[in-house]
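**Student:** Got a structure for you, written out below as structure tokens; questions coming shortly.
All of the numbers you see were taken from the coordinates with simple rules; none came from a lab. Note that the coordinates shown come from a computational prediction; the quantities given were computed from them, not determined experimentally. Every residue, glycine as well, gets a Cβ built from its backbone with ideal geometry; the counts of neighbours run over all protein chains shown.
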Amino acid sequence: MDAIPYTVKAREDTGLYNARLGIWLFLASEVMLFGALFATYVILRLGALHWPLGASLLSIPLGTFNTVVLISSSVTMVFAWVSLKEKNLGKYKMYMGFTIILAVLFIVVKLFLEYIPKFEHHLYPGKSTFWAIYFTLTGLHALHVLGGIGVNTYFWGPGANMWQSEPERFTNRIEIAGLYWHFVDLVWIFLFPILYLL
Amino acid sequence: MKDSKKYVGVGLALLLLTAMTVTVRRLHLGIALAIFIALLIATFKGSLVASFFMHLLSERKIIHILLLSTLFLFIVMMGLVLVGRLNVYEGLRHVP
């Protein structure tokens, strides 16, 4: 049986290798998923008699810190890919390692400094409409971050063995993982002002 | 090397815009204007991420068509949400 086609070479009809078209289709579906939740937020906010100011309930310094963490992780992720383009696996491992550490830091802040203190004050999704949409949006986003940590850790560890046998295919895999990771960053760029500042 | 400088520049611009978003909140502009400015900055930040980190500027036409179709569907969805509100009786528009 032949190997999976078009993992490196571009298809004649699309001009792209298959995974690149695949990830963009996936990201388009993700836009609609988060888009539906943003629409829900708009409905809930417009329909509420009183809507609390996010800044009065959430910590802006923590939200800003996590924004800086995710933006920095996007920069290190793109440098991980650039390192492979320069055929430098050592540098790739360093940048990918930084990306994973920053992603873990994001989750640690979210869980231990935001979620758990709120649970201790009995602020659960059922407490009010604001908390329901806050936990739904940030929780779904955090699940995406966890997914990214899993994929990136695999490519940092055992998955990097592919570099020895198929370097171009491995570089493409990191490009795909990067596109996903930048999307996760992009979603947070919108979540932060909507939930924390307004 | 040239690309590396570009990525660092975009990263710094994103951090600067984040600082700007937080600062604008302190200006007490009124909720409507604050939402508009915050979303404007977020959209600009998002387009920087998509254009440079995700290489959308140099992406193939098929991807541009795919994303424009998605954007269209998103606008339709938001439009339906807002139009739907007009069909609700005034007394039922707001919930406690």
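**Student:** Peptide A:184-192: average number of partner chain Cβ atoms within 10 Å per residue?
**Tutor:** 5
**Student:** Ignoring everything except DSSP H segments at least 4 long, calculate the 222 nm mean residue ellipticity for chain A; use -39,500 (n - 2.57) per segment, divide by total residues, nearest 500.
**Tutor:** Dividing the helical sum by the residues of chain A leaves -24000 deg cm²/dmol.
**Student:** Please say if region B:26-91 is rounded, prolate or oblate, where rounded means a/c under 1.5 for a ≥ b ≥ c the square roots of the C-alpha gyration tensor eigenvalues, and otherwise the choice is prolate for a/b larger than b/c and oblate otherwise?
**Tutor:** Verdict is oblate for region B:26-91.
**Student:** Let me have the 222 nm mean residue ellipticity of chain B computed from DSSP H runs of 4+ only, each contributing -39500 (n - 2.57), with the sum over all residues rounded to the nearest 500.
**Tutor:** Helix contribution divided over all residues of chain B: -25000 deg cm²/dmol.
**Student:** Average partner chain C-beta neighbours within 10 Å, per residue of B:42-54?
**Tutor:** Values: counts 9, 2, 1, 8, 6, 1, 3, 8, 5, 0, 3, 13, 14.
Going residue by residue through B:42-54 and averaging, the value is 6.
**Student:** Could you calculate the contour length gain from A:Leu25 to A:Glu120, that is, 0.36 nm times the residue separation minus the distance between their Cα atoms, to one decimal place in nm?
**Tutor:** Result: 30.2 nm gained on full extension.
**Student:** If you take the Cα atoms of the protein assembly as shown, find Rg, then find the Kirkwood Rh from the mean of 1/r over all pairs, what is Rg/Rh?
**Tutor:** 0.99
**Student:** Put +1 on the Cβ of every Lys and Arg and -1 on every Asp and Glu Cβ in region A:40-173; which of A:Gly159, A:Phe106, A:Leu123 then has its Cα farthest towards the positive end of the dipole?
**Tutor:** So the residue we want is A:Gly159.
**Student:** Using only alpha carbon pairs under 8 Å that are at least six residues apart, calculate the relative contact order of chain B and give it in whole percent.
**Tutor:** 23 percent
**Student:** State whether region A:2-102 is rounded, prolate or oblate according to the following rule on the C-alpha gyration tensor (a ≥ b ≥ c being the square roots of its eigenvalues): a/c under 1.5 gives rounded; otherwise a/b larger than b/c gives prolate, and the remaining case gives oblate. Spell out each step's value before the answer.
**Tutor:** Values: a/c = 4.84, a/b = 1.53, b/c = 3.16.
Taking the square roots of the gyration eigenvalues as a ≥ b ≥ c, region A:2-102 is oblate.
**Student:** Using the structure shown, select from B:Lys2/B:Lys45; A:Lys93/B:Lys61; A:Lys110/B:Lys45; A:Lys85/B:Lys5 the pairs with a Cα to Cα distance greater than 26 angstrom.
**Tutor:** From the list (B:Lys2/B:Lys45; A:Lys93/B:Lys61; A:Lys110/B:Lys45; A:Lys85/B:Lys5), the Cα-Cα distance tops 26 Å for A:Lys93/B:Lys61.
**Student:** Decide, for region B:1-58, between rounded, prolate and oblate: order the square roots of the alpha carbon gyration tensor eigenvalues as a ≥ b ≥ c, take rounded if a/c falls under 1.5, and otherwise choose prolate if a/b is larger than b/c, else oblate. Before the final figure, lay out each step's value.
**Tutor:** Working: a/c = 5.96, a/b = 2.15, b/c = 2.77.
Judged from the Cα gyration tensor, region B:1-58 comes out oblate (a/c at least 1.5, b/c at or above a/b).
**Student:** OK, next. Taking the simple approach of a point 7 Å from Cα along Cα-to-Cβ for both A:Ala3 and A:Met162, what is their distance in nm?
**Tutor:** So the label points at A:Ala3 and A:Met162 sit 1.0 nm apart.
**Student:** So how far apart, in nm, are the two label points at B:Phe44 and A:Leu143 if each is 7 Å from Cα heading toward Cβ?
**Tutor:** About 3.4 nm separates the two model spin labels.
**Student:** I'd like the mean, over residues of B:29-41, of how many other protein chain beta carbons sit within 10 Å of each residue's own Cβ.
**Tutor:** 2
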